[in-house]
Each structure stands twice: as structure tokens, then as C-alpha cells.
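Some notes on the structure that comes next.
The values are calculated or read from the model by the stated rules, or taken from the named source; none is laboratory data. Keep in mind that this is a model prediction, so the values were computed, not measured. Reconstructed Cβ throughout: ideal geometry from the backbone, glycine too, with neighbour counts over all protein chains shown.
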Amino acid sequence: MVFGTQRGWLLFGVLLGLWAGLTPVRAVTVRKVDFNHDVQPLLSDNCFACHGPDTNKIKGKLRLDLREVATKPAKSGKTAIIPGKPDDSELVRRLFTTDEDDRMPPTESHKTLTVAQREMLRRWIAEGAEYKGHWAYTPPVKPVIPAGAQAIDFLVRQRVREAGLKPAPEADRRTLARRLYFDLVGLPPKPEEIAAFEKDKSPEAYRRLVERLLSSPHYGERMAIGWLDVVRFADTIGYHSDNPRNIWPYRDYVIRAFNDNKPFDQFTREQLAGDLLPSPTQEQKVASAFNRLLLTTEEGGAQPKDYEARYLTDRVRAVGAVWLGQTIGCAQCHDHKFDPILQRDFYAMGAVFADVKEAIIGGREPGMLVPNEEQARELAKREQTANGLQQDFVGPHPELAGVFTQWQQAQLEALANEALWSPLAPAKAESVAGTPLTVREDRSVLAGGKNPDTDTYTLRFTNGVAGAVGVRLEVLPDDSLPAKGPGRAANGNFVLTEVVGRVEREGATSRTVSFQSARASHEQTTLAEGNPYKAWSAAATIDGDAKGKSPGWAVLPETGRPQQLRLELKEPLTLAAGETLVIELQQNHGDGGHNLGHFRLATTTDAKAVTAPFAAPPGSELAELLKLPAASRNAEQQQKLFARFKDQAPELAGLRQRLAEAKKSHDDFVASLPRCLITERNDEPRTVRILPRGNFLIETGDKVEPALPAFLVKNGGRTDGHRLNRLDLANWLVDRNNPLTARVVMNRLWRQFFGIGLSKVLDDLGAQGEPPPNQALLDWLACEFRDSGWDMKHMVRLIMLSDTYRQASTAPHELLVHDPYNRLLARQGRWRLEAELVRDNALSLAGLLVPTVGGPSVRPYQPEGYWENLNFPQRTYDASKEADQYRRGLYTWWQRSFVHPSMLAFDAPTREECAAERNRSNIPQQALVLLNDPTYVEAARVLAARILRECPGDEAKRITWAWQQALDRKPRPEELAALRSLLQKHLAEFRQNRDAAKDYLKTGFAPVPPELDAAELAAWTDVARALLNLHETITRS
Amino acid sequence: MNLSSELRQFFRQQQTRRVFLGRASQGVGALALASLLKPGMLSAATGKPAKWAGVVDPLHFPARAKRVIWLTMAGGPSHLETFDPKPKLAAMHGQPMPESFTQGKQIAQLQGQKLLCYGPQHKFRPFGKMGIELCELFPQIGSVADDICWVRSMTSEAINHDPAHMFMNTGSQIAGRPSMGAWITYGLGSEAADLPGFVVLTSLGRGGQNQPIAARQWAPGFLPSRFQGVQLRSKGDPVLYLGTPKGVSREQQGDVVKTINALNRQHDAIVDDPEIATRIAQYELAFQMQASVPELVDLSKEPASVLDLYGCKPGDGSFASNCLLARRLAERGVRFMQLYHKDWDHHGGVKQGIEFKAAEVDRACMALITDLKQRDMLKDTLIVWAGEFGRTPMSQGGDGRDHHNAGFTIWMCGGGIKPGMVYGATDELGYAAVENPIDVHDLHATMLRTLGIEHTRLSVKFQGLDVRLTGIAGKVIEDILA
């Protein structure tokens, strides 16, 4: 058992380097116990749950996180800690007692302290039980570096030396170049790039390469991956239906921010509070999409209060993960158990986000238009055109003065004519087919219910008819009708086949009402082949169906607006008392229910009204204006009247049409533009209450106002008369006195370049996290980052140029065993590429990669049916075509509930929660993806085609060339031999079975070069497939 | 992080790594690969590829169950038309639901609506020697009622499908926690050498109320990816990317894998990276799975009597087929099998909806129990039948029921569970669990106990906490343990 060495450190106390996960191999001088490194972790993990910051759970009123409480006598008279007197301290007694009932931590906690740990606590008390503030809550102080020394190297090597080790030598040029390419742009170098770098013996060669890569547009893409993880960027809402939302412009913002080296403090402000900046730019508003990245729901039956609470907690957790490296989420239900974060702090920070305007339940809004520069220009152009025409149209048009006067007269005449018609109020309205007919207040009749194929409406009138010489049928539009009517056919049309009138009197035979002539405002002439009238004419409605039942009056294409049919009576008609006028409207055309939907009947006693032109009478508002004498109209009234005139003036028809087209062209263009959810403010922020136990059903908790965490900021940063907002929060996060942000960000950056954080728990710098073994280094980086004006490229450059970064990742076996996690940094790290880069690398080697930067998400090939468990609505997956199929991995459509399976296999997070760190697993699914996913099979066959086309020569030459493409080095003889034997065997087999070879080459959309022999290409595809699957190919070292 | 846990973890990893390396370096020779191409040589040669042994070693308790088959009835089955008889509710049909039952409780789609009692839509009758009252639509399950422990006092915190599934599967409503299948394979490892330890199967119902299910329900959360549930699909490749590219023979695929592994071994000799040995083992495992999984899912070799027992046809993608697959997976040493059968979301038409569901699951559940029993595997297989919640005793829209989390029924049977008992009860209207109410954490704690795990001792450090499947709660339901 490895514990053989345990005795060593029992005797000598803590060994430096233990924290590094280093197997202790030799004793190091005993040093004073350090509270932050040696004591607090023990107390936190073993004691704080009952004797820590959560005041609701305190046992025996003892708090071990506060010295003044721990060193005061308890009610029992005993004192937990008496500095300098371990043997009188109750804590020590309880730690060492053999009495199980008395021993701490208690059995049921399943926590045990080793003898060494108990000894540590005893020693700490003996040395005076000194407490220190938690390391991460104390602002970093920049360590002094000797003049001329590179700070990173100085701070790293000090510890390497202390451990009695030597740093690894600088890696070879090839390794360095590959490392830089993968770390800075996420793409493999081309062999010729490596060759040039290897040839360049200048001492500046390395620096030049670093600078070149830092200014590559792919640098932003590479850096964005980790940021998109930690802010949980995804294309879909997450919960339940997991529907899409418009958000991808935010990804472009992040890429651009890294490429432009936007200072991190500004980057922070724009994301949390872009909308609150003075006159925010489009870019800053897009940045504020950060506040909308959380999971939302459209599930029926979701309770708004429930989700309001979820969104609040989600946002607070995000601030904790992205900037503070604090597990604030723990304080949702109770005061934090380990860190001094109160439940009140949690909700007070949540209240900062209470102004974010959003629907709690349901679909997200489409978001703000986000045109790029070119699109913005085009949009402005179209806007200008439309506005110009609009200006033109609304102008005074003096040339139309005369026509305007005539129009007014005509309108007044139409008004007068209209006044000659009296609408009839039906006493009864019935349908032969049983259609429900509703008589409205304006005496019109609306048909509803099922639309029968044919129908006849019978309308009865018992008064209001005296001396009538004409009958009028108005057919009217209505929103309830298809295409707004006035008919009930799908296109809004009808065919009125016959109008029959008679007068009935009880006990007498009825007399027929005869019509002399029929005229209509519009008669349909289309689709009139075979119609005996050559049109759908008014005359057909009074022909006694002499030419058949089917012809009648119809109005296509003038549906959706009022039309009228006027029937001249042969003889004047008067209803005597007790008489009923019956009008039958027959609609026998059929063919899809060509029935009337909405209509009104009227009569007139003036023959002039029957023959007057069909001018639509002005509406009541316009009528009022017309009736005013011109001289008594005010300017506004005159303007309104003129506007109405222009809306129909035939003289302006051309202008009107151009204007309509320009508006449509503008609107169509707008519809084609990208949009992005952004943050907008609610004037009234939501009320935020503390939710006891995090339970949204309990609405009795205290109301809280926005505040910063009270343990870090005095009085929570509150000032009188100002409600803290998101900008205040952002400003505090990047304030130079904030002890956390710079450390958190630098810790994550370090992991990107060394494989493990300086404090290895990236998302928790609190008591339960890991005090960084090399705190001086983390603090130096944090101070430098802050002091440089939050200059990210500066920090990346510093790291890249350090000797520490340039070390070889290989090391003597002894060191690998002693420091398996490379906490001492006596070498570089090696790890498998991130999911996105595995893809980018393969596409790149095949020459398939389309390196366009930015744009909407794309859809790589995905197994059919993978989305079968999505619903509302059901979804199908259509793989992107052409260039979009070969984009970089970070543009992959991120469907939260079913992330692309090949991404998932290589540990891409689902981005449902903020993820500061990815797993680096090594599972069989990765083998299945690289062997069988069409993306990789296609990449292999396209790489094979490159081999055959770009490298003439024999097998050995070609394998060597291919090997160099994939790995930037020559194969060793045994490597060459292995691929050669694979090639030869499969070449022979595919020659025997050409159909199989052809099937194989069908994988993927990329064309197969016709001049290549199928069997040969298939065999080389297997060579390429082996190359793409190699551990070395997918490893950064 | 505390010293001792840090050390423990480190030593454990070193140990695992060593054991693993040892096995892997023996197991990946050309001989082992050749054996894959000639089945039968495998066991005789160098043993199986490395597999995860689990962190719970030794077990905290003697294990009563070795594996779990969890039948998730997705959508939320009505307890009132399945296994919880409520004559009083029938008597109150159409009358207002007394406010005393509903005040201050969560409500989903019935928010702000008039709440009326809705009587059970199907008759109940006694089954088995114990005379346990069950809905008469489930005679097959009824025929094995004496093997089952009926828990009629289940509750949940969540009331919408997505969070409720998350809660039932991970013990948390926040995404990112490991699913119970991941926890258990992490804790116990798997006995299957060439299959994943946690397998998920889904099936649809004919009623069309098929709520979406997210892959997060079987995700490993913060546990390593190897513990994720692997979906076994009824259409396309049974496991994603399992199929060898078209035109490539199995032997040729073997050549490619062999070449890759040979080259990786050569590379390892130079760079000394333990990840490479793992990579080699994973390629072997992947290649084995390409053969073992198609064999596993091929039900055509099952005798007709077995197919008849389940009432399924090979390849029909039904819940019954999935039950039979679960048995086959159990035989091969898979640790956790989770079957999702959808379409239980009866907001409307609950009467007919339950008829459809009964037709789909009644025989299959009975068959699974019977089949395992005949193979003497029921004694160490825990079966759990549970929805993410139940349904309201109040009507929705006149013929349906809304989501409901205050009381509903689940059942368990097999390893470590007392057969033929009813545990807990809801009130007389079937609204809230009033006798021995249990929650999701209790259910998880009890399941872990049957597997030999003390639920407070299976934890992983995440964001500074010793995170457990049971959160900070959970008590074992001792009364139902055999």
C-alpha cells in the first residue's frame, strides 16, 4: 500500500507539494501551519456544515469559522479553541477522544479526519490558532519579481527547485508549433508552415509565430469555445420542447471581442449591461444577450412564479460561475454552508436582474435586428427609397387641386345617393341547408357554422317598404370569412345564382315581385369559359335560371371588399299591413360552397339611386369632413381629406404602386435579416423576495433590493436613492479591488494552456475549493491582467512566451509518477483535443474545412432519428449543404436536450448549466465516432483523394506524405510498415470487390474525383481513416 | 479540498490506473484482437478488456439486488385509473373539490380554474392472494400482484414534465446532476465487459401524448462521460455510430482498428502516456460492441414461447420488446436499464388513454417479472415502475386529469423488496399522500440500499459539495425491505 510513506509525514508534518497531489517522496523542512492552506480546508469540509456560516444550522451555538466565537467559552464552560493550549481546547479533546459518542466529526456525518489531520489542527492551536481571511477574498498582491526575470518562469521554477526537480527542456520546434496552433487558433499547422518555422533559426521566430497566430481571425474562434461553455451559449431554450431561439449573433460578438482584444472589463460590462451603457451600439446590445442565455420553458402548465424563481437562480449561478468562481447557487435555499454567502445575498444579487424584460413562460421574442455592415447599408438604401416615395406621396401635389374638387363633389353625390337607400331589417332569416344566419345591429346578415355546398337564404321583411323602385344587395367583407369574404368559398367568392322576390299575405296567394334589370359594381370575368353569359354577371340572378342553375353573379378577384347588386323593380312596391316581402337568395352553383357570407338588403324610392354610378360612399368620418364647407375646415381636417383623396386618386396610382413595392421590398429584406435576443429593461422591476428553502410557493419571505454580496462589499454596495443595477454589478466585478474576477479568469486561462488550473477547482475559489499551491503565480497573473487594463492578448502572449509554456510534455517516468497532474509545472501537459477541434482537425487535414468566421449555426451530419424524442413540434434534422457542412465545430447547432452526438462523445457540455471546465474522457463512443461517423469517413476519403492527386509516387512516398499532413512529422519505419500492410491487404480486397469500394466512397456529400480508381481510393481511405484515428492526431502535447 | 479525501482520491486513481494499465497492457495484444475476430477465443485468452470496478468497495451492506430495471411511465400515469382505488372520489364525481385539499398546493394547467372531482374511469377489483385492489384493465400485472410492493404514497417536488423527470432521475431540478443510472454504475461498476453499464430504451404509445424527453435524463452530469446512459435505439444503428461504414467488411474494420492500436502502442513506447493504453482498450471495446450489440438486440433467436409471453415481435420497437431486451441486458451484466414508455399525459381522454396504455404495458410488465423469476434473476433484480408524477383527482376539460405531485402510486419488485404488500396511502380522494408519504430522495435511498449502498456515502465532490443522488435528504423505507 502506498501508505508506507504515511509515517514519514506523520512525523514531519505537512510536506510541501502534498497539495499538488504529489506522492510524498522526501521530507521537507517543517514550516508553520498556514490557516488558508492547512486548516481552513479541514474545518470547512469536516466541521462547517454544523459549525459554519449557515446560522440556521448551527449546533451548540459554536462557529468554527469565526475566531471570536470559537475561542469564547460556551454555555457549558468549555472552550473549543484556547490559542496556544491545545490540550485545554475542547476541539482537540473531541477530535482525539476514543468515546464514539463524543468524537468529532460524528459518525453519522461519515467524515473522518486522519491522525495527521488531527495533529495538524492540534499544532495549529499550539502555534496560536491564527485565523486569516480566506485567501480568495483578499485582493491579490503582486509578488515582487527580480529585475530581468520572466515572472511566470521565476514563480514556477522556484517551486520546481524547492521540490528538488528540474524543469523539462524546451520542446522541439514541431511540437511547439503544433501546440501553439492548437492552443491559439485550434487548427493544425500545415507541414510547410512547420518546415518554415523549423528553418527559421532567428531567436525571434517563436515570437513572430505567436504574434501571427494572435492576429489570426481564428484566434477569436479558439478563445470563444471556453467562454461559450461557461456562459452556457446554445441555440435552443433547453426545457421541455427545447425550441430554437435567435441568439447566434452573440457568438459572433464573443469571437469578435477576442479578436479585437476588447478589454475584459468592457467585455464584462457589455454583456451584463450593454443596454444600460450610454447610447448603446448594436454590438453592445447584442452583447447583452448574455442575460438571455439561460434555460426557458414553453411547457403548458408551467407556473410563472416557479420559473421566475428558476430564472433568478440561474442568473445568479451564472455570475458565480463566470466571474466570481463561487458556488453561490448553494445559497438559494439557505445560507451557504462553507462560504460567508447569505441567502439574502443570493436573492439580492438576483434582484439586480429583476429588470430584464422577458416572458416568463412561452416562446422567446424574435429579438433585435442585427444587420452586418453590408446589410445595414442595404437596409438604409431600401428605407431611403421607401421614405422618398412616401415623402413624395404625402406632399402637397398642387397639380391635383382641380381633380380633388371634382372628387369631393363625386363623394358628396355618392353620399347623397347612398342616403336614398334604406336598409331593410329582416324579420326572419333562414337557410334551406340549416346555416345559422345572424342579423346584426346594422341589419346585415352573417352566415356561420358549416358551409354547405349549396344553399338558399330566405329573408322576410314585414315593414319599411313603401313605393320602392329598386332593391339593393350589398355583399360585405368580414374577418370571420375565408379570405375575408364576402363569400364563403375558400377564396372569399360566392355565386349568387338567382334572386326571387314575392309578397305573401296570410290566407292569400302570394304575388311575385319582378325585376326589370340587374347591375353590379363588379362582375367576374375570369373562369367564365362555358358560362353562357361569358361572365359571372348580374343578369344571371334574375333570368329565372333560363340558362341553367349554375351561372350567377360572382366577384373574383375583387373579394375582400364590399360589392353591390342593384335590381330595378318592374313596378313600384309597397307592403300593405299584414304583408311580408320574401326575398330568396339562391346559391346553387356548388363546387366548394359558393355561398354568401355577409350581406345586407336595402330598397329605394328614387329611380336615380338605381342607376347612379357605383361609387363607394365615404365613411362617416369622411362624410363629416365633406359636409363641412371648405372654408370652415381647419388645416388638419383639410389634410385628412386630401390624404383620403390621394389614397384612391387614379392620377397617383403609379406612385402608390411604387411606394407599396418599395415598402414590401423593405419588409421582405427585414424579414431576411438575422435577429438576436437582447436585454431590454422593464420599467417596473419584478419584486424579489427571499424564498424560504428556495420554495416559490412561500411568498412571505422578505422583499429584497438589489445588492452586491455583503461579505465582499460593505453594505452590499447600496447607496441612498439609487437602485443598484446590472451596470453597477458589472463595474464591481471588474473593479480593481474585486479579489475574485481576475483570479477566476486567469485560472481558467491557465487551464487552457496547461491542462489544469492553478487552483484546480475552476468554479469554486471558496472554502471548499483548492487554495492554489502556487498562489503567488495566480496572484501575479491576476494583478498583471488587471493592471494591463484587462488585456487578454497581453496575458496570452506572456504565457506563450514563457519558458514554462515551451517545455516538453514528455518527462522521465519518475516525474510522471510523482507529479501525475503536473501541479509543479516541471513539464508541459498533454491532452486530447476539445470536441470542436477534433472535428476541425479532421476537416482541415482533408482540405474540406470552410474557414469562414461567424454566422448562423450549421448542421453537420447526424444519425437519423436522433431527435425522435423531441416534441412540440416534432423535428427533423436536415444536414447543412455545401459550404455549411464543412464549417468549424463551434458553429454546430447546439440543441440543448440533444447535443450533436459526436460532440457529446468528446465531452462537449450540453450548456444547460454554466460549465467552467470540460471532462476529458476516453470512452468507446469516441472510437465509434472517429471510425464510423460519416463526417470522419468522408474526411478520410477526401484526404485519400488528396494523397492520390497531390502526391505522385510509390506507396511509401505517399504514406510518408500523408503522415506528414496528419502529424507534421515523418513516419518511423515500423509506422510506415503498419500502414503499408493495411493498404496492400485492403487494396487487394477492394479490387476483388469493386462494388463494396464504390459503396464506401458514397459516404458524405463531397464529390468523388472521377479519374481515381475506386478500389485504390477505398484502400487509401482506410489508410487515412487510421491516421485520423490515431491518439497522436487528436492530442495536443 | 480536504487532505484525506484528496489523498484517498489520488490513491484510488493511482490504484485504478495501475490495475487498469496492468489489465490493458495484457489485454490489448494482437492475440486479444485476433480473438475478437474469432469469438470463443476471448475468454480463453487474456480476459476481458478493462472495466470500471466501482468506487463502493466493499459494499456498505450486503447487496440484495445486483441490477435495476427502471420502467419510467413518462407523462405521469393516473394513479386513479391504475393502482389506487378511490370509491369516495367516484361518489363525489362532479362535485367541487373541497378547498381544504387543494389550498396552497402547486397546480399546473388547472391554474385559476374551477376544480371538480372526477371519479375513477375504470373499475377496480381484488387481485392475488392478498386481494390487492387494482384497476381491472391490468389483469396480467394483477396476476403477479403478490410479487409486487405497491407504494401508494409517492410524492414529487416538481409538477411539469421536464423538471419532474430531472428530479426523479437526478434528485435535483437543476440540470447538470448525474442521472441515477450514472450514479449506480459509478458506484458499482458494471459486470458487462462489452456493453455500457447504463442502457436506456424508449418507446412510444399509440395515444399520441408523447411528451419530449431530453438526453439529460440519462446524462452523467459532473461524473465522467463513461457513466452516461447509452441509448439503445429500435431504428437505425442500435447504438449511435455503431455501424461500420457501408462497403467495409467487419474483417476490414478489424484491420483498421488493429493498425490504429498498433500505431498507438508504438507511440506510447515513446511518449509514455497512460491515456494511450486506455485509448487502445476503448478501440477494442468499441470493436467488440460492433458485434455484441447487434447480437444483443436481435430478438429473432428468442423462442416463440418467450416472444408470446411478452407479446412482441422482433424489431417492433414496442415497450414489450424493450422489456425483453432489458432481460437480455440483465443477463449480460448491465447494471442499470431504464425504459421510457411515453404517452401517459392524459390531460384529456383519460378513460380511453389508460385503455391504450394498459394494452401496451400490462402483459409486458407481467412477462418481465415472470421471465426473470423463471431464470432465477428476479431475486437480485430490482424493478421499479414509476411515472414522473401522478394525476389530479380533479377533472381537466371534463374528461382528463392534470399533472399532480402530492400523491401517486409506484410499484417495486424483485431484489430486496417485500413482495405482496401495500405501503402508504393517499387521502380518500386520492389527492395527497397521507399515510407514510415518501419522496424521491427516499425512493433513491431505498434503491441504493437494495444494491448495498448507504446513500449518504456515495458522494462526489462537485462545486465544493459532497454531492449525493439523495441531495441532503433521503431515508430508506425500511418497511418495504425484504
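What do you reckon, is B:Y340 assigned to a strand (DSSP E or B), touching a helix residue (DSSP H, G or I) at 6+ places or on another chain (Cβ under 9 Å), under 27 Å from B:P178 (Cβ atoms) and among the aromatic types (F, W, Y)?
yes
Check off (1) touching a helix residue (DSSP H, G or I) at 6+ places or on another chain (Cβ under 6 Å); (2) surrounded by fewer than 15 Cβ atoms within 10 Å (Cβ to Cβ) for A:Q984 and give me the number that stays unchecked.
All conditions are met except number (1).
Whether any residue in the stretch A:415-427 is more than 30 Å from A:D306 (Cα to Cα), crowded, with 16+ Cβ neighbours inside 10 Å, in contact with an Asp or Glu (Cβ under 9 Å, 6 or more places away or on another chain) and free of Cβ contacts under 8 Å to residues at least 60 places away in the same chain is what I want to check.
So far as the stretch A:415-427 goes, no, none of its residues is more than 30 Å from A:D306 (Cα to Cα), crowded, with 16+ Cβ neighbours inside 10 Å, in contact with an Asp or Glu (Cβ under 9 Å, 6 or more places away or on another chain) and free of Cβ contacts under 8 Å to residues at least 60 places away in the same chain.
Those residues that are within 18 Å of A:H336 (Cα to Cα) and without any contact (Cβ under 8 Å) to a residue 60 or more places away in the chain, I need them from the stretch A:46-65; list them, please.
Result: A:C47, A:C50, A:H51, A:I58, A:K59, A:K61, A:L62, A:R63, A:L64.
Select from the stretch A:313-359 the residues that are of a type in the set (D, E, K, R) and modelled with pLDDT of 85 or more and write down the one among them that is surrounded by the fewest Cβ atoms within 10 Å (Cβ to Cβ).
Filtering first and then ranking leaves A:K357.
Going by the structure shown, is A:E699 under 32 Å from the mean Cα position of the chain (by Cα) and surrounded by fewer than 16 Cβ atoms within 10 Å (Cβ to Cβ)?
yes
Just one of (1) surrounded by 13 or more Cβ atoms within 10 Å (Cβ to Cβ); (2) modelled with pLDDT of 95 or more; (3) assigned to a loop (DSSP other than H, G, I, E, B); (4) not hydrophobic (A, V, I, L, M, F, W, C) trips up B:P62, so point out which.
(1)
Any residue in the stretch A:133-153 that is in a loop (DSSP other than H, G, I, E, B), out of contact with any Lys or Arg (no Cβ under 8 Å at 6 or more places or on another chain) and more than 30 Å from A:M795 (Cα to Cα)?
Within the stretch A:133-153, none of the residues are in a loop (DSSP other than H, G, I, E, B), out of contact with any Lys or Arg (no Cβ under 8 Å at 6 or more places or on another chain) and more than 30 Å from A:M795 (Cα to Cα).
Filtering the stretch B:437-474 down to residues that are within 11 Å of chain A (Cβ to nearest Cβ) and in a helix (DSSP H, G or I), which residue is nearest to B:W150 (Cα to Cα)?
Only one residue fits best here, namely B:H455.
Is it fair to say B:N169 is in contact with a Phe, Trp or Tyr (Cβ under 9 Å, 6 or more places away or on another chain) and within 11 Å of chain A (Cβ to nearest Cβ)?
No: the conditions fail for B:N169.
Assess whether A:A609 counts as being farther than 22 Å from A:V439 by Cβ, modelled with pLDDT under 90 and surrounded by 13 or more Cβ atoms within 10 Å (Cβ to Cβ).
No, not satisfied.
Please verify whether B:F222 is facing chain A (nearest Cβ under 10 Å) and out of contact with any helix residue (DSSP H, G or I) (no Cβ under 9 Å at 6 or more places or on another chain), treating the condition exactly as stated.
Against the criterion (facing chain A (nearest Cβ under 10 Å) and out of contact with any helix residue (DSSP H, G or I) (no Cβ under 9 Å at 6 or more places or on another chain)), B:F222 qualifies.
Taking the stated definitions as given, is A:V744 within 24 Å of A:A915 (Cα to Cα), within 14 Å of chain B (Cβ to nearest Cβ) and at pLDDT 95 or above?
Taking the combined requirement at face value, the residue satisfies it.
For the list (1) surrounded by 21 or more Cβ atoms within 10 Å (Cβ to Cβ); (2) under 30 Å from A:L295 (Cα atoms); (3) hydrophobic (A, V, I, L, M, F, W, C); (4) facing another protein chain (nearest Cβ under 10 Å), I need the number of the one condition that A:M903 fails.
(4)
Can you tell which of A:E680, A:E770, A:E705 is acidic (D, E), more than 30 Å from A:L277 (Cβ to Cβ) and either touching a residue at least 60 places away in the same chain (Cβ under 8 Å) or in contact with a Pro (Cβ under 8 Å, 6 or more places away or on another chain) (or both)?
A:E770
If a residue has to be crowded, with 17+ Cβ neighbours inside 10 Å and among the aliphatic types (A, V, I, L, M) to count, how many in the stretch A:949-979 make the cut?
6
Within the stretch B:227-270, can you find the residues that are crowded, with 23+ Cβ neighbours inside 10 Å, over 30 Å from A:A988 (Cβ atoms) and facing another protein chain (nearest Cβ under 7 Å)?
The one that is crowded, with 23+ Cβ neighbours inside 10 Å, over 30 Å from A:A988 (Cβ atoms) and facing another protein chain (nearest Cβ under 7 Å): B:L240.
Can you name the number of the only condition in (1) closer than 30 Å to A:T1021 by Cα; (2) in contact (Cβ under 8 Å) with a residue 40 or more places away in the chain; (3) not assigned by TED's automatic domain parsing to the domain that holds A:Q965 that A:D884 fails?
For A:D884, the exception is condition (2).
Kindly indicate which of A:E913, A:E864 is within 7 Å of chain B (Cβ to nearest Cβ) and within 17 Å of the chain's Cα centre (by Cα).
Among A:E913, A:E864, only A:E913 is within 7 Å of chain B (Cβ to nearest Cβ) and within 17 Å of the chain's Cα centre (by Cα).
Of all residues in the stretch B:110-136 being closer than 25 Å to B:I480 by Cβ and of a type in the set (A, V, I, L, M), which is farthest from the other protein chains (Cβ to nearest Cβ)?
B:M130
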